[in-house]
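Step one of this worksheet: look at the structure below.
The values are calculated or read from the model by the stated rules, or taken from the named source; none is laboratory data. These numbers were taken from a predicted model, which means no experiment stands behind them. Cβ atoms come from the backbone with ideal geometry, glycine included; neighbour counts cover every protein chain shown. In case anyone asks, the SASA skips ligands and DNA or RNA and just uses the protein heavy atoms, side chains included. Shrake-Rupley method; radii C 1.70, N 1.55, O 1.52, S 1.80 Å.
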Amino acid sequence: DSIAPITLPLSATHIVSGTAILNPSSSNEVAYVAAQQTFGTTPIVTTNTVAADDLTGAYVLNLPVAAPLFGTYSAVLPITLIPQSGVAGLYTVEASATGYLSQSANVDISAADITQDFTLTP
């Protein structure tokens, strides 16, 4: 048996940033913001998650613009990775915190950085 490394292509990145504010504010809870992608009928895959700043609610997600690669697990190597060009740069950004209603927004970062603000309420 040999081990075959998976070499991934480089991708340009863009940023989704903004604020995830808790209203009313809480000294016990923190808002989290996650970027997710869906590949056709494949379930959503979380690409990146960050905690919003406790004081300002600010967050920054640095995300790849290139098409994500999808491969089916196999005991035979190498696994063939197929670009999912239909979702390149397309993300669902979701803000959540315990005890607050989650919010989400669809964003397209294929051409530029995006600002997306959230205000979470109980």
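Here's the picture: charge each Lys and Arg Cβ at +1 and each Asp and Glu Cβ at -1 in the chain, and of Val76, Asn48, Ser11 the one pushed furthest to the positive end of that dipole is Val76. Between Asp117 and Ala105, the contour length at 0.36 nm per residue exceeds the alpha carbon distance by 3.4 nm. Label-to-label distance, Ser74 versus Val87, with points set 7 angstrom from Cα along the beta-carbon direction: 2.1 nm. For the chain, the Cβ-based charge dipole about the Cα centre amounts to some 240 debye (Lys, Arg positive; Asp, Glu negative; other atoms uncharged).
Between the residues Ser96, Gly57, Ala67, the greatest Cα displacement towards the positive end of the dipole of the chain, with unit charges on the Cβ of Lys, Arg, Asp and Glu, is found for Ala67. Would you check the accessible area of Val93, probe 1.4 Å, heavy atoms only, in square angstrom rounded to 10? Approximately 0 Å² of Val93 is accessible to the 1.4 Å probe.
When you filter the chymotrypsin sites (Phe, Trp or Tyr not before Pro) in segment 30-122 for DSSP loop state and at most 15 other Cβ atoms inside 10 Å of their Cβ, you are left with Tyr73. Taking all protein chains as they are arranged and a probe of 1.4 Å, the heavy atoms of Thr46 leave approximately 70 Å² accessible to solvent. Using R0 = 22 Å, the C-beta based FRET efficiency linking Asp53 and Ser27 works out to 0.95.
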